[in-house]
Amino acid sequence: MVDNDVAPHHGVRCVNVNGSNISPQSIGKLFFTANQLELASSTSLSIVDSSISQTPLINVRRLVVNDVIGGLEYLLDSLMLPHLKYIRATVLTLFVAFARRSNQMKTLDSVDQLVIYDQFNDNEKSFCLKHWYLVLDVLPRLRTLLIQIHSPACASIGLAELFLNYIRRTIRSPLTLFSFGFTHPDEKHNKESFIKYLGERFRTEYSFVYLTSINERNLDMWM
């Protein structure tokens with residue numbers, strides 16, 4: 001594509017990448033006007049020559065990725081996507097990518113919207129709080145946090161405490177919208193108790209919560 005100059009250079013707003021050993025630099029070169037990047041599950045990214053200075057994808061604002069992608073850490077180092085605002089991904093996807101970054105202490109301050117969920121797998125019956133801790137530590141400036149849990153198992157109360165602690169740590173730049181929901185009907189009683197506990201703790205500790213919507217498996221809060 002590069003040699004034959006057949007890829008469109010103008011007008012492309014969303015790029016869906018599906019292939020192995022794709023160079024992030026080539027994406028930026030061929031589709032420099034794109035503002036949304038979607039990575040298919042079969043995709044892997046690689047730096048062809050680490051000695052070549054990487055060209056940032058300066059126009060990309062939205063990143064969508066639904067599986068663990070080899071080389072995703074190349075994008076999520078805050079240099080390749082300097083203006084990234086929105087991420088939609090699984091918690092495992094982001095945990096692996098963030099853990100593989102060369103500088104794991106670097107936060108992504110530009111990102112203010114996160115849509116995150118566990119794997120679409122009915123066999124997923126456990127929650128690794130370490131994954132959630134690391135992901136939220138890297139994204140300290142969220143204004144919108146949307147969480148969906150598809151596992152038939154109920155999350156532990158430790159996950160509720162993690163969300164409460166996140167709000168506490170980001171009090172100077174608080175969330176505007178927090179949404180949490182279970183999609184699987186199993187463990188109905190436990191999930192109702194989890195939602196009730198989370199909602200009561202939010203209302204007790206944070207006076208800036210001005211609107212709440214709550215039902216058996218979902219909690220939405222506007223702040």
From the options Ser41, Ser53, residue that is under 16 Å from the mean Cα position of the chain (by Cα) and either part of a loop (DSSP other than H, G, I, E, B) or modelled with pLDDT under 90 (or both): Ser41
Could you pull out the residue among Asp122, Asp112, Asp77, Asp118 that is under 22 Å from Asn218 (Cα atoms), crowded, with 16+ Cβ neighbours inside 10 Å, at pLDDT below 95 and out of contact with any helix residue (DSSP H, G or I) (no Cβ under 9 Å at 6 or more places or on another chain)? Asp112
Tally the residues that are farther than 18 Å from Phe32 by Cα, open to solvent by 40 Å² or more (accessible area, probe 1.4 Å) and within 11 Å of the chain's Cα centre (by Cα), restricting the search to the range 61-74. 1
Within the range 1-22, which residues are at pLDDT below 85 and surrounded by 15 or more Cβ atoms within 10 Å (Cβ to Cβ)? Val12
Any chance you could count how many residues in the range 198-223 are closer than 22 Å to Arg143 by Cα and in contact with a helix residue (DSSP H, G or I) (Cβ under 8 Å, 6 or more places away or on another chain)? 11
Would a scan of the range 140-163 turn up a residue that is touching a residue at least 40 places away in the same chain (Cβ under 8 Å) and touching a Ser or Thr at 6+ places or on another chain (Cβ under 6 Å)? no
Residue in the range 167-181 that is among the hydroxyl-bearing types (Ser, Thr, Tyr), under 21 Å from Gln104 (Cα atoms) and at pLDDT below 90 present: yes
Looking only at residues that are more than 12 Å from the chain's Cα centre (by Cα) and buried (at least 19 other Cβ atoms within 10 Å of the Cβ) in the range 131-152, which one is farthest from Pro174 (Cα to Cα)? Ser151
Are any residues in the range 82-99 outside any loop (DSSP other than H, G, I, E, B), open to solvent by less than 40 Å² (accessible area, probe 1.4 Å) and of a type outside the set (Val, Ile, Thr), and if so, which ones? Tyr86, Ala89, Leu94, Phe95, Ala97, Phe98, Ala99
Residue ID - modelled with the lowest pLDDT, chosen from residues in the range 186-223 that are in contact with a Pro (Cβ under 9 Å, 6 or more places away or on another chain) and within 19 Å of Gly158 (Cα to Cα): Tyr206
Exactly one of Phe202, Phe163, Phe194 is under 18 Å from the mean Cα position of the chain (by Cα), under 22 Å from Phe127 (Cα atoms) and aromatic (Phe, Trp, Tyr), and that residue is Phe163
Quick check on my filter: what residues within the range 86-121 are among the acidic types (Asp, Glu) and either over 14 Å from Leu136 (Cβ atoms) or in contact with a His (Cβ under 7 Å, 6 or more places away or on another chain) (or both)? Asp118
First in the range 1-21 and more than 22 Å from Asn66 (Cα to Cα) and of a type outside the set (A, V, I, L, M), second anywhere and open to solvent by 100 Å² or more (accessible area, probe 1.4 Å) and modelled with pLDDT of 60 or more, Cβ under 9 Å, 6 or more apart: His9/Lys29
Given the criteria of a type in the set (A, V, I, L, M, F, W, C) and either at positive phi or buried (at least 16 other Cβ atoms within 10 Å of the Cβ) (or both), does Phe208 qualify? no
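The values are calculated or read from the model by the stated rules, or taken from the named source; none is laboratory data. Everything numeric here is computed off the predicted structure, so don't read it as measured data. Cβ: placed from backbone, ideal geometry, glycine included. Neighbour counts: every protein chain shown. These accessible areas exclude ligands, DNA and RNA; they are computed on the full protein's heavy atoms, side chains included. Shrake-Rupley method; radii C 1.70, N 1.55, O 1.52, S 1.80 Å.
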